[in-house]
Structure formats: structure tokens, C-alpha cells
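Reviewing the structure listed below.
The values are calculated or read from the model by the stated rules, or taken from the named source; none is laboratory data. All values derive from a computational prediction rather than experimental measurement. Because the Cβ atoms are built from the backbone with ideal geometry, glycine has one as well, and the counts that use them run over all protein chains shown. Keep in mind that these areas ignore ligands, DNA and RNA; they rest on the heavy atoms of the full protein, side chains included. Shrake-Rupley method; radii C 1.70, N 1.55, O 1.52, S 1.80 Å.
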Amino acid sequence: MIQFVRSFTQNALTIIPSLYLVDYLRPAFKNASILSVSMRIVLLLMFAAAVSTALVTLSMINFGWLTYDSRTFVLNIVLNTVLAGGFTTVFLLYFFA
């Protein structure tokens, strides 16, 4: 149950702010090329994934549900960031190709 709440919270903290920022930056994206906008969206979602992973993991450590290990912490952040970037790239390729 704790892992489900963690995944739900982490995904919500990644997707919702990113979509609001993409919508807010739509006028700036209007004049840019498709490749430039796609790269910015991928980087935005990767940054949001890194921040949300760090926040959720640190919160779980604070509640005592996890123990802190620096290697696991950094590996978790890097893995989730790469996965978010990969899924975003596949999503963009699917809809723009």
C-alpha cells in the first residue's frame, strides 16, 4: 500500500506541474521549431521527475518507511529521470511522427 501511494504521489507531482508549465509556455513555444519544443518538454519532464522522486523519497525517509542509503537514493533519482525522459520521448515520437 505504501508503494502504491508513493507511485501515485510521485506521478502526480511529475505530470501535473509539467503540464501546467507546458500550457503556460505555449506562447513561447509557438514560434519555436518542433525539435526545440520537443527537447524542452523532455527536459522539463525529466527535471520534474528528478525533483518529485527526491521529494517523495526524502518524505518516506522522514516518515521512517525507508532507510537512507546515498547510492540507492541517487540511483533511484537517475533511474526515474531516465525512464521519464524515455517515456516522454516515445510519447512525442508517437504523436509527431
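With the other protein chains left in place, how much accessible area per residue, in square angstrom, belongs to the chain at a 1.4 angstrom probe?
Numbers: 7230 Å² over 97 residues.
Averaged over the residues of the chain, the accessible area is 74 Å².
What does the helix-only formula give at 222 nm for the chain: each DSSP H stretch with n ≥ 4 adding -39500 (n - 2.57), the total divided by the residues, and the result rounded to the nearest 500 deg cm²/dmol?
On the way: 4 runs with 85 residues, N = 97.
It lands at -30500 deg cm²/dmol.
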Carbon and sulfur %, accessible surface of the chain computed with the full protein complex present, 1.4 Å:
73 percent
Quick one: angle between helix 70-96 and the longest Cα principal axis of the chain, in degrees between 0 and 90, rounded to 10, please.
30 degrees
Out of these labelled values of P(r) over Cα pairs in 10 Å bins from 0, in percent, [x] 15, 43, 27, 13, 3; [y] 11, 12, 12, 17, 16, 10, 9, 7, 5, 1; [z] 15, 31, 16, 10, 10, 10, 7, 2, which was calculated from the coordinates shown here?
[x]
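Counting other Cβ atoms within 10 Å of each Cβ, which chymotrypsin sites (Phe, Trp or Tyr not before Pro) in the chain have at most 16 and sit in a DSSP loop? Walk me through the intermediate numbers first.
Details: sites: Phe4, Phe8, Tyr20, Tyr24, Phe29, Phe47, Phe63, Trp65, Tyr68, Phe73, Phe87, Phe91, Tyr94, Phe95, Phe96; in loops: Trp65, Tyr68.
Sites meeting the loop and neighbour criteria: Trp65, Tyr68.
Using a 1.4 angstrom probe with every protein chain in place, what is the largest-first accessible-area order of Thr53, Thr9, Thr72?
If we order Thr53, Thr9, Thr72 from most to least accessible, we get Thr72, Thr9, Thr53.
Classify region 45-97 from the C-alpha gyration tensor, please: rounded if a/c falls under 1.5, else prolate or oblate depending on whether a/b exceeds b/c.
Here region 45-97 falls in the prolate category.
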On alpha carbon coordinates alone, what is the Rg over Rh value for region 1-56, Rh being the Kirkwood radius?
1.10
Would you look at the GNM of the chain, springs on alpha carbons closer than 10 Å, and say which of Thr14, Thr81, Thr67 moves the most?
Thr67
